[in-house]
Amino acid sequence: MSTGRRETWDRRCWSEDLRHLFHQFMKKCEDGSWTYISEKEMLDLQKKASELSFQNVKPMKKKQFPSTLTRNFQEGLGFEYAMFYNKDERRIVCLFQGGPLLQGFPGLLHGGAIVTMVDYSISILSTKTIGFTMTAYINITYKRPIPIGSVVVINGQVDKIEERKVFLSSSVHSADEKTLYSEATSLFVQLNLEKSET
């Protein structure tokens, strides 16, 4: 297990494709249309949601559980990613590289790892859109297998909002956007914080 990450985590395990895409999106952030979602911001969102909604659940000690599931692997072996958010378009993009510990079939990324990253990405999007939310469902269709170590782009967008419900859609493409690996639709529900306190 990793001992946690600073914001400037070691990117030496990132492939050339992942670094290239990351720098492309950082340039898009310069005009303010996109925002890089820092590691600290993601962890702060999760911590705040837990404090507000699950008052009787005690988090594990930091030494036992240093971060989220997606950050509890040694660099390069599990989930390597960076997320970018577009407030005006209500979109999120996650640049994701899956390591060897996420293998399902030999040489291929496990489908559970893919849906984990889809869920994590769009949960950040829904929370930034209407406040703290939780997954009600995700329906994912796998089109092609993803080779271990390859870089994919997860695109998520808000389709509609009905009171406390956020309907989203997402897709997973190759780094060059030519190959579609999966598509998903999902529903997230805003946490009723007043009700959860009783």
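The values are calculated or read from the model by the stated rules, or taken from the named source; none is laboratory data. Just so it is clear, the model here is predicted, and its values are computed rather than measured. Quick reminder, even Gly has a Cβ in these numbers, built from the backbone with ideal geometry, and neighbours come from all protein chains shown. Accessible surface is based on the protein model in full, side chains and every heavy atom, while ligands, DNA and RNA are left aside. Shrake-Rupley method; radii C 1.70, N 1.55, O 1.52, S 1.80 Å.
Accessible surface of D159, taken over heavy atoms with a 1.4 Å probe and every protein chain present, rounds to 80 Å². Placing a label point 7 Å from the Cα of S38 along the Cα-to-Cβ direction, the residues of region 80-99 whose backbone N falls under 20 Å from that point are 81-87, 93-95.
Measuring r between the beta carbons of K47 and K178 and using R0 = 30 Å, the FRET efficiency lands at 0.20. Extending 7 Å from Cα along the Cβ direction at K87 and again at R19 yields two label points whose distance is 3.2 nm.
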